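**Q** Can you read through this structure? Questions will come right after.
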Amino acid sequence: MKRKEADKNTCDGLLKKEMRVRPIQHGTVIDHITAGQALNVLKILGISGTTTAVVSVAMNVPSAVLERKDIVKIEDRELKEQEVDRVSLIAPDATINIIRDFEVIDKHRVELPEQLEGVMKCDNPNCISNTSEPVISKFTVNKKPVELRCIYCDHVISQGIAEHLI
């Protein structure tokens, strides 16, 4: 091998290797997450550094559709509908892939629900949902751009949605 050819294939004498995330046998792959939101997706799903679940996260991956995207793979867990609704709030273009025996058996795009109940906390301190009254928070959802309107006080949340999730 010529010296120039060897330099292309080595780095300080070590072979360059492409890192890949291994396929999962059973679980969920959340693809097309808005770039930079993968950690918020983990937070929404209650996955922290102390989890026993096998989780793979890829951030700022080049994408033909989104330019950049994040991907989360969770082994041995299929998301519940309420979890998918929460993910859709911060990643409205995400796709959910259900994996069984290393095969994609179901693939669908998340859909923002028309209304959310008991998922978000209104950030208006004077809202009845933030008092000791037995009231469950409820929001209507505007899809483009994503905005949540409290049905009790009309307060709108359009930024920092992940911080308001219950």
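The values are calculated or read from the model by the stated rules, or taken from the named source; none is laboratory data. All figures in this text were calculated on a predicted structure; none of them were measured in a lab. As a convention, Cβ positions derive from the backbone with ideal geometry for all residues, glycine included, and neighbour counts pool all protein chains shown.
**Q** Note down all Cβ pairs under 8 Å where the first residue falls in region 15-34 and is part of a loop (DSSP other than H, G, I, E, B), the second is at pLDDT below 85, and they're at least six residues apart or on different chains.
**A** Pairs that qualify, where the first residue is part of a loop (DSSP other than H, G, I, E, B) and the partner is at pLDDT below 85, are Lys16/Asn9; Lys16/Thr10.
**Q** Being free of Cβ contacts under 8 Å to residues at least 24 places away in the same chain and under 25 Å from Ser158 (Cβ atoms) narrows it down to one of Ile105, Ile128, Ile96, Ile136, so name that one.
**A** Answer to the check: Ile136.
**Q** So which pairs qualify, if the first residue must be in region 147-164 and more than 14 Å from Ser137 (Cα to Cα), the second must be part of a loop (DSSP other than H, G, I, E, B), the Cβ gap must be under 6 Å, and the two must be at least 6 apart or on different chains?
**A** Correct list of pairs: Glu147/Ser158.
**Q** Further question: Anything in region 78-123 that is aliphatic (A, V, I, L, M) and within 15 Å of the chain's Cα centre (by Cα)? List them, or say none.
**A** Filtering region 78-123 down to residues aliphatic (A, V, I, L, M) leaves 79, 84, 87, 89-91, 94, 96, 98-99, 104-105, 110, 112, 116, 119-120.
Across region 78-123, the qualifying residues are Leu79, Val84, Val87, Leu89, Ile90, Ala91, Ala94, Ile96, Ile98, Val110, Leu112.
**Q** Further question: From (1) under 27 Å from Lys69 (Cα atoms); (2) touching a helix residue (DSSP H, G or I) at 6+ places or on another chain (Cβ under 7 Å), pick out the condition that doesn't hold for Val135.
**A** Going through the list (1) under 27 Å from Lys69 (Cα atoms); (2) touching a helix residue (DSSP H, G or I) at 6+ places or on another chain (Cβ under 7 Å), Val135 breaks only (1).
**Q** Output the residues belonging to region 39-92 that are over 20 Å from Arg22 (Cβ atoms) and among the basic types (Lys, Arg).
**A** Once the filter is applied, which keeps residues that are over 20 Å from Arg22 (Cβ atoms) and among the basic types (Lys, Arg), region 39-92 yields Lys43, Arg68, Lys80, Arg86.
**Q** Working only within region 120-131, note down all residues that are part of a loop (DSSP other than H, G, I, E, B) and within 22 Å of Ala38 (Cα to Cα).
**A** Just the residues of region 120-131 that are part of a loop (DSSP other than H, G, I, E, B), to begin with: 121-127, 131.
The one that is part of a loop (DSSP other than H, G, I, E, B) and within 22 Å of Ala38 (Cα to Cα): Lys121.
**Q** Sort through Asn97, Asn126 and tell me the only one that's surrounded by 12 or more Cβ atoms within 10 Å (Cβ to Cβ) and either touching an Asp or Glu at 6+ places or on another chain (Cβ under 8 Å) or on the phi < 0 side of the Ramachandran plot (or both). Talk me through it step by step, then tell me what you get.
**A** Details: Asn126 fails: surrounded by 12 or more Cβ atoms within 10 Å (Cβ to Cβ).
Among Asn97, Asn126, only Asn97 is surrounded by 12 or more Cβ atoms within 10 Å (Cβ to Cβ) and either touching an Asp or Glu at 6+ places or on another chain (Cβ under 8 Å) or on the phi < 0 side of the Ramachandran plot (or both).
**Q** Hey, could you check region 100-123 for residues that are of a type in the set (A, V, I, L, M, F, W, C), touching a strand residue (DSSP E or B) at 6+ places or on another chain (Cβ under 8 Å) and under 28 Å from Ala64 (Cα atoms) and say which is surrounded by the most Cβ atoms within 10 Å (Cβ to Cβ)? Can you show your working first?
**A** First, the residues of region 100-123 that are of a type in the set (A, V, I, L, M, F, W, C): 102, 104-105, 110, 112, 116, 119-120, 122.
Subset that is touching a strand residue (DSSP E or B) at 6+ places or on another chain (Cβ under 8 Å): 104-105, 110, 112, 116, 119-120, 122.
Checking the rest, the ones that are also under 28 Å from Ala64 (Cα atoms) come to 104-105, 110, 112.
On the way: Val104: 10, Ile105: 10, Val110: 21, Leu112: 15.
Per the stated criteria, the residue is Val110.
**Q** Filtering region 132-166 down to residues that are farther than 16 Å from Gln37 by Cβ and modelled with pLDDT under 85, which residue is surrounded by the most Cβ atoms within 10 Å (Cβ to Cβ)?
**A** The extreme case among them is Lys143.
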